[in-house]
Amino acid sequence: MPDTSPVSDINRVHTARSSFGILICEREGYPPFAESSYLKRLSLLGPALGLQTFAFDPLTWDQEDDSVKCWSWNSRMRKWEASRRKFPDIAYDRAWPETKEEKRRYRLAMGRIRAYRRFVLLSGNLPHKAKVYEMLARDREIAAIIPPTVRYRGPSSLASWLQKHRPGVFLKPIAGSQGKRVVAVVQAADGTVELTGRHGDNRPLFRSCASETEALNRLNKWIGGRTYIMQPLLNLRGNSGEAFDLRVLMQKDSNGRWSLTGAAARIGAPGSVTANLHGGGTATAAAETLVSLFGRPRGNELIQEIDKFSYLIAVRLEQSFGRFAEIGLDYGIERNGKLWFLEANSKPGRAAMIPVGRDAAIAAAAQPLSYAKFILLRLATTDARRLPRESAALHLGG
C-alpha cells in the first residue's frame, strides 16, 4: 500500500525515556524530508532496542516546553504522522540543507538550541577535504595512499600542475559532496583542453577548449569564489573505460567498536568523470568486482589492504576530529592495481550497501541505533566526564 498524506496533531506532546531523534530539513511535498526509506527503516528497527524514533527539523524547537515537531512512521496506517515530542535523548544528523539560505537557517537553528540546552549528537562532522588530507598525510602508513593534493589558487596554479601531472588534473570543492562541481582537466597533444565533470545540480559538464588559456579562464570563472583542491587525474577506470571507485562503510557497533559494515564497487554512468550514485552510477559487491578486474591474487590483496586502511583511517579521523558513529570511505584503484584514498564522508548514504548483501544493508541501518543505545546506557550508569574518550566524547552541545 502506498504512503498516504499525514494526519497531524502537532500540539500533542509525547515524552519518552529513550528517544532517538533524526535531524532533517523539512521541505515541500510528502514526506517533507529526504531519505524517507532509510528513516522509515530506522523507525521500524528502533523499538526493538527500546528507542522511540522520530525525525525533526531543529527549526521547530520550542524553548518553552523543550519540544520539537516530529515525524513518526505509523506502521499500522502506513504513513508519516506529525506531532510534538520532547527533544530527543540523542540526535542523529541526516539533514540535507541544499541552498545557502537553507544551510544558514539550519546552522542558526542548531546554534540556538546549543545556546540554551545540552544535547547529545550521535556522530560528529568532518572538516573540509583539505584538512582531512593534511592530517592523514602525517601518518606514515596512510600517507602511501594519499594522492598529492594542493589548493587551487587561480589559473597560474593549475597551469603549473598541468605541466607536472599528465594526462591531467582533477579539481573538487573542499566542502563538496555527491560528486557535484568536480571537474577533470585534460590537455591533448594538439593543445586543446577538455573539461569534464558535473555542475552543482549534478548535470554533466563537458567543454572542449581550443587552448590552455581559454580553458583556464573558463574554469576560473566557473569556480568563482569557491575553494578548490587539485590532485593528479588518476586512471580510476574499469575494463570498459567507465569511472570506478569503492565505497566502504565503517560503523561503530553495539560495544562502541569500529566495524566494517560493507564495501561496494561503484561504476559510473557512461562518460561520467565520477562513479557517484547520485550522478547515475551503479553499485556492486566490491570483492567480486576486484577479482574480476585485477584477478584473484591481486583482488584478494586489495580487499585486505582496504580492510586494514579503513580501520586505520577511522581511528585517525576520530583521534583528530572527535567521536563518530560512522564514516564512509572512498578509494580508487588504478589499472596497475595501485590503491588510493579519495575522501571520507561523515554522513554516508546507504544505497551502495544494498548490492553488498542483505546483512550489510540491515547492519547499515541497525548500527547507528545499536551505538546510540550503547551511548545512552553509558550515560545512565556513569558520569560522562569520567568516561574514556572513545565512548564519552559525547559532543554535548556541539
- What are the ³J(HN,Hα) values, in whole Hz, obtained from phi via the Karplus relation 6.51 cos²θ - 1.76 cosθ + 1.60 with θ = phi - 60°, for each residue of region 89-105 in sequence order, with x given for Gly and Pro? 5, 8, 10, 10, 7, 10, 7, 10, x, 9, 8, 4, 5, 4, 5, 5, 4
- Each residue of region 340-354 in turn: what ³J(HN,Hα) in whole Hz from Karplus with 6.51, -1.76, 1.60 and θ = phi - 60°, glycine and Pro shown as x? 10, 7, 9, 5, 10, 9, 7, 10, x, x, 10, 4, 5, 7, 4
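Rg over Rh of region 149-232, using C-alpha atoms and the Kirkwood radius, what does it come to?
Details: Rg = 11.7 Å, Rh = 12.6 Å.
Ratio of gyration radius to Kirkwood radius for region 149-232: 0.92.
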- Task: Over 26 Å between C-alpha atoms is what I'm after, so list which of Lys131/Lys347; Lys129/Lys164; Lys172/Lys221; Lys252/Lys308; Lys172/Lys347; Lys86/Lys129 land there.
- Result: Lys86/Lys129
- Task: Starting with the highest mean, order 127-137, 211-221 by the number of other Cβ atoms within 10 Å, averaged over the residues of each peptide.
- Result: 127-137, 211-221
- By what distance, in whole Å, do the Cα atoms of the chain stretch along each of the three principal axes, largest value first? 70, 46, 45
- Note on the structure: Taking Lys347, Lys252, Lys308, Lys40 and counting other beta carbon atoms within 10 angstrom, the fewest-first order is Lys308, Lys347, Lys40, Lys252
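Please report Glu326, Glu64 as a ranked list, fewest other C-beta atoms within 10 angstrom at the top and most at the bottom. Write down the numbers at each step before the final one.
Numbers: Glu326 23, Glu64 5.
Taking fewest neighbouring Cβ atoms as first place, the list is Glu64, Glu326.
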- Choice from Pro58, Pro355, Pro32 showing the highest fluctuation, given a GNM over the chain with Cα pairs closer than 10 Å: Pro32
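Over region 8-116, consider all pairs of different Cα atoms and compute the Kirkwood hydrodynamic radius from their mean reciprocal separation; express it in Å, one decimal. Write out the running numbers ahead of the final one.
Details: mean 1/r = 0.0712 Å⁻¹.
Hydrodynamic radius (Kirkwood, Cα pairs) of region 8-116 is 14.1 Å.
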- Query: So what is the relative contact order of region 149-232, in percent, for Cα pairs below 8 Å that sit 6 or more residues apart?
  - Reply: 36
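Laboratory data are not the source of any read-out in this text; all were calculated from the coordinates shown. None of these values were measured; they are calculated from a predicted model. Using ideal geometry, Cβ is built from the backbone for each residue, glycine included, and neighbour counts are taken over all protein chains shown.
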